[in-house]
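**Q** Dumping the structure here so I can ask a few things about it.
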Amino acid sequence: MSNLKYAAAPLALGLALISTPSFAQTEAPAAEEAEAIVVTGSRIERKDLTGTNPVAVVSAEEFKLAGAINVEQVINTLPQVLPGTTSFSNNPGNGAVTLNLRGVGSTRTLVLVNGRRWMFYDTNQIVDLNTIPQFLISGVDVVTGGTSAVYGSDAVAGVVNFRLRDLEGIEAGTTYSITDRGDGERYSANVAIGSSLADGRGNVTMFANYTRRKPIFQGARSFSATAAGDGCIVPGSTNAVTEIGTPYPSGITVSTCGTRGGQVGFVPQGSPTGPIGTFGSGTSTYIFNPTGGGSRVFTDPGDLYNFAPANYLQLPQERYLLGAYGNYEVADGLEVYSELSFVSNRVASELAPTPTGVSAPLLIASPYFDASTRALLTANDAAELLSAGTRGDGYAQTSVSYRFLSAGSRNSEQTRQAFRVLGGFRGDITENLKFDMFYSYARTSNTQIQQGNVSSSRYVNALTVEFVPGSTTELRCKDASARTAGCVPINVFGSGLASADAVKYVRVQSTNLEQSELTNAVASVSGSLFNLGMGANDVAFAFGGEYRKMASRYIPDEFLASGDVLGFNAGKPTSGSYDVKEIFGELNVPVLEDQFIHRLGLNAAARYSDYSLSAVGGSWTYSGGIDIAPIEDVSFRAQYSRAVRAPNVQDLFAGNSTGFPAATDPCSDRGTAASRTDALRAFCLAAGVPAATVFTRAVQPASQIQADFGGSPTVEEETSDTFTAGVVFRPSFVPRLNVTVDYFNISVDNTIGVLAGGLSSALSLCYNTIQDLNNPICAVFTGKRNAANGALGQTSGGKNPQFRSANVGNLETSGVDVQVDYSLPVMNGKLGFFYLGTWLDTYRNTPISSIPERENIVEGIHGQPKYRHNVRVTYSEGPALVSVRWRYEDATQDSRINNIFNGTQRIGTDPALLPKPYVGAVNYIDLSVGVDVNENISINAGVNNAFDTQPRILGSAAEQGNTLPSFYDVLGRDFFVSARFKF
């Protein structure tokens, strides 16, 4: 038999699990001679569990006690992790669940399964946690800091390694969850079968899982049922939304206080595009009577459409995981292993029906309009620019807005199917040398079907009508080719007046196809070299080579690719690939043990990567660390690492896509009154905003602004430097107590993003700070404004600003992690205590490296609390246990308060001008019980968020649902029960 030792058998991840060499256990196995294992963050086998990297460990028990069906239910509660996209990410969201370590971005977090890089799902090369079967997890290691020298690109914030457990026999399990409102049901069932081969020379394992999750709409929760934003509660106001979603007792609300008296607060702030058509004339917006014909001036907020109830709060999911893996010792010291896995995951998102805004020539004499409306359209005709139409031709070029309730809600169904195959050899070269080599190929295919979109061109054709020859009342589409294609005149000048045939003509189903591939081959040799003769283990090494090829393509259909779509975002095709060839080496030097100090050890690692990308070329990453224990009870550790993130396919090759990011145009009335200076007014005029609309809602009708985004092949790699230092305390006088305290500092330079950090930042910098039309940041907006009202973006009658990928800025974050594990006998059982907390010292993001004195202050804002922790106390006696978990999120403040450092002082919005400048801390209490009925059956049950703590209402600072649904608990009190059977 081989003398190779593994701490975890190969585990294939039903769509996402892989088998691999061993990884560290939370406690060393009891044996006369400790077996060699591989700890996360290193490729070198060792007989001790010491290391210089900070590693926080989460046990498999945590998933069981939390009633977790998906990995995210535990991972996103860790203090070191800020949620990426989750099961509550409806908009923005894409059906995937991503991991965002330290809040520096999912693309800067490397996800491993059993120590190996896992498959990604899209052009951003991010792992979808839905592919990892939580029922096979034995533990999770969270490693802080750059580990690119060991694992390659993307390990900037650190590594999260999911360790999978050995399995023998048959195991089946099921979990069911439901909220106390009786909704949001989740169900999961799994089975796994493992068997030894040839008298223990091999093993084969097969597993399967089915998971289903039902949706919850925002209308099902009081805090999210009404779209709320910042506004002014005029004395005696009536319909402003309070913390718990109930109305104020009396009066009215308006969008801004301005010079009026009143209390800043949350007010209904839905969309100006509703199910009753509106149009513009002069500087005013008019809304039609519900029954059509006449019109009146649009009022805000009275005529706003509440889009919130129709949006998903929890996304529905249906997932199948299948997998098989095996290993066989073909000869003494030589083992072959292989893995197969498949997943099919379907997740849908749903938004309110499509809001449309187009400019079309309206027939003034149309029977759809009464005399007063015709007068307004006649004024539009008289004011037409030569490029917009012909004056006096009976048509008025007019901006028309309408929400297509009759086309149904916008539903996007993402069906991802992925498979992975792996084959490898590992074994002994000599007594002290081992080798491991494998080849793997993974492919993920995604089909996105969008319902509820409207064709922009068809819609304009249906609005552009003429009288049927010989008639003064019957209309037809003016364009003959459109009539041939089935065009039917559409009446959006009221509520529900559009005919079924007209809606059928303009409504389109759109389809996106996406495919991602990862090819990975690794060969390595590891072993011991010599001993320094001072009582420590041998000096050990590992070296090898790696090859990776990343390829992705995105194929939108004709409507999405041409931009001829209203509803979901349009996008251009994206396709690209690149590869990298790497060599790596690692050295672990145990200097001494039990001499004048207990232990001293050093380590170093380096990797050279040769990319096929000309803008990246070759790059070095490296690390070095020290571990010193003056006495056995206390050890100190420190590590420095240089890491990189190479640009991904999206960064490099993304075709032009259209988005609607939230932003504030300083030339509108959405900025603060204090910011509306004479200098800003003058610059807005110079930028093309008409004098009559400066600082009015006409410049920015909605809270989102349409813009285009794309990639660039000239993007270079990001680089990061990490320093960590910590102490490990395992006092011999307090058995079973383990305490670790680690400081981290991560700085990332040359960050890849869009110009100026994005649309919102570019608008603020250009108009509030730079005010120079020749500056590259301001040039993005040149010629993009609507000549009539100064609005940006096609949906507002302007043109879309263009943003491309670039190396634009840098970021830095630092803080302290603390983990405490302790257990002690109590009565006839055992009391266990677990604490994991993170204190965030700083998080600074500089969106433009050329303006280093202008930093965004991130620490302490909504979604980035200064302090978070998890505490679990568990008492077990015999076959039963009871457990309590306390999750804590510190108080936060609105990011607009002192959120910019200009080199000398913090600047930002006066808290008095914000409805909720600060929100208090949040405490969640989770309860669970478990019992082993016998050696084959165990049952767990519990309630998460036992006291039904509600999420914080954030108004205009919210992501969706008036809060941060991936950060705060939006389900409320949530019950679960699970059972596991072993045979």
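Read-outs: derived from the displayed coordinates by stated rules, not from any lab. Note that the coordinates shown come from a computational prediction; the quantities given were computed from them, not determined experimentally. Because the Cβ atoms are built from the backbone with ideal geometry, glycine has one as well, and the counts that use them run over all protein chains shown.
**Q** Once amide H atoms are built 1.01 Å from N in the peptide plane, which residues 5 or more positions from ASP166, or in another chain, come under 5 Å H to H?
**A** Distant-sequence amide H within range of ASP166: ALA9.
**Q** To the nearest 0.05, how large is the calculated FRET efficiency for VAL468 and GLU318 if R₀ is 56 Å and r is the Cβ-Cβ distance?
**A** The formula returns an efficiency of 0.70 here.
**Q** Hey, what do the phi angles of segment 623-638 turn into as Karplus ³J(HN,Hα) couplings, whole Hz, using 6.51/-1.76/1.60 and θ = phi - 60°, x for Gly and Pro?
**A** 7, x, x, 9, 10, 9, 10, x, 9, 5, 7, 9, 9, 10, 9, 8
**Q** Read phi for every residue in segment 810-816 and hand back ³J(HN,Hα) as whole Hz from Karplus 6.51 cos²θ - 1.76 cosθ + 1.60, θ = phi - 60°, with x for Gly and Pro.
**A** 8, 8, 8, 9, 8, x, 9
**Q** Over its Cα atoms, what ratio of radius of gyration to 2.2 N^0.38 Å does segment 807-916 give?
**A** 1.57
**Q** Let me ask something additional. Multiply the residue separation of GLN802 and ASP610 by 0.36 nm, subtract the distance between their alpha-carbon atoms, and state the gained length in nm to one decimal.
**A** Gain on stretching GLN802 to ASP610: 65.9 nm.
**Q** Quote the relative contact order of the chain in percent (integer), defining contacts as alpha-carbon pairs under 8 Å separated by 6+ residues.
**A** 11
**Q** By the gyration tensor of its Cα atoms, with a ≥ b ≥ c the square roots of the eigenvalues, what is the shape of segment 81-172: rounded for a/c under 1.5, prolate for a/b over b/c, or oblate?
**A** oblate
**Q** Rank LEU881, SER495, VAL330 by how far each Cα sits towards the positive end of the charge dipole of the chain (+1 on Lys, Arg Cβ; -1 on Asp, Glu Cβ) and give me just the farthest.
**A** SER495
**Q** Within a Cβ distance under 12 Å of ASN569, other residues only, what is the Lys/Arg minus Asp/Glu net charge?
**A** Result for the local shell: +1.
**Q** Let me ask something else about it. Please list 3J(HN,Hα) in residue order for segment 302-308, calculated via the Karplus relation 6.51 cos²θ - 1.76 cosθ + 1.60 where θ = phi - 60°; whole Hz, with x for glycine and proline.
**A** Those phi angles translate into x, 9, 5, 8, 7, 7, 4 Hz.
**Q** Okay, next question. About the Cα centre, and with charges only on the beta carbon of Lys, Arg (+1) and Asp, Glu (-1), how big is the dipole of segment 840-983? Nearest 20 debye, please.
**A** With only Lys, Arg, Asp and Glu charged at Cβ, the dipole is about 100 debye.
**Q** What net charge do the residues around GLN700 carry, taking every other residue with its C-beta under 12 Å from that of GLN700, with Lys and Arg at +1 and Asp and Glu at -1?
**A** Net charge in that neighbourhood comes out at +1.
**Q** Give the calculated FRET efficiency between VAL884 and ALA198 to the nearest 0.05, with a Förster radius of 30 Å applied to their Cβ-Cβ distance.
**A** 0.05
**Q** So what is the 222 nm mean residue ellipticity for the chain from helices alone, if each DSSP H run of at least 4 adds -39500 (n - 2.57) and you divide by all residues, rounding to the nearest 500 deg cm²/dmol?
**A** Computed ellipticity for the chain at 222 nm equals -2000 deg cm²/dmol.
**Q** Using just the Cα positions, wrap segment 628-749 in a convex hull and report its mean projected area in square nanometres, one decimal place.
**A** About 14.7 nm², averaged over all directions.
**Q** A follow-up question, please. Each label point is 7 Å from the Cα along the Cα-to-Cβ direction; what then is the distance between the points at ASP749 and THR677, in nm?
**A** 3.3
**Q** The list (1) 190; (2) 323; (3) 172 gives values of volume of the Cα convex hull per residue in Å³, and only one came from this structure; which label was calculated from it?
**A** Read-out from the structure maps to (3).
**Q** Check which residues have an amide H placed less than 5 Å from VAL465's amide H, if you skip close sequence neighbours.
**A** LEU363, LYS478
**Q** Give me the net charge of GLY292's neighbourhood, meaning all other residues with Cβ under 14 Å from the Cβ of GLY292; Lys, Arg count +1, Asp, Glu -1.
**A** Around GLY292, the surrounding residues sum to +1.
**Q** For a Förster distance of 35 Å, can you work out the FRET efficiency between the beta-carbons of ASP501 and THR415, rounded to the nearest 0.05?
**A** E between ASP501 and THR415, to the nearest 0.05, is 0.70.
**Q** Check which residues have an amide H placed less than 5 Å from ARG599's amide H, if you skip close sequence neighbours.
**A** The list, which skips near neighbours in sequence, is ASP594, ALA629.
**Q** P(r) for segment 736-776: what percent of alpha-carbon pairs falls in each 10 Å bin, starting at zero?
**A** Using 10 Å bins, I get a P(r) of 20, 30, 19, 13, 10, 6, 1 for segment 736-776.
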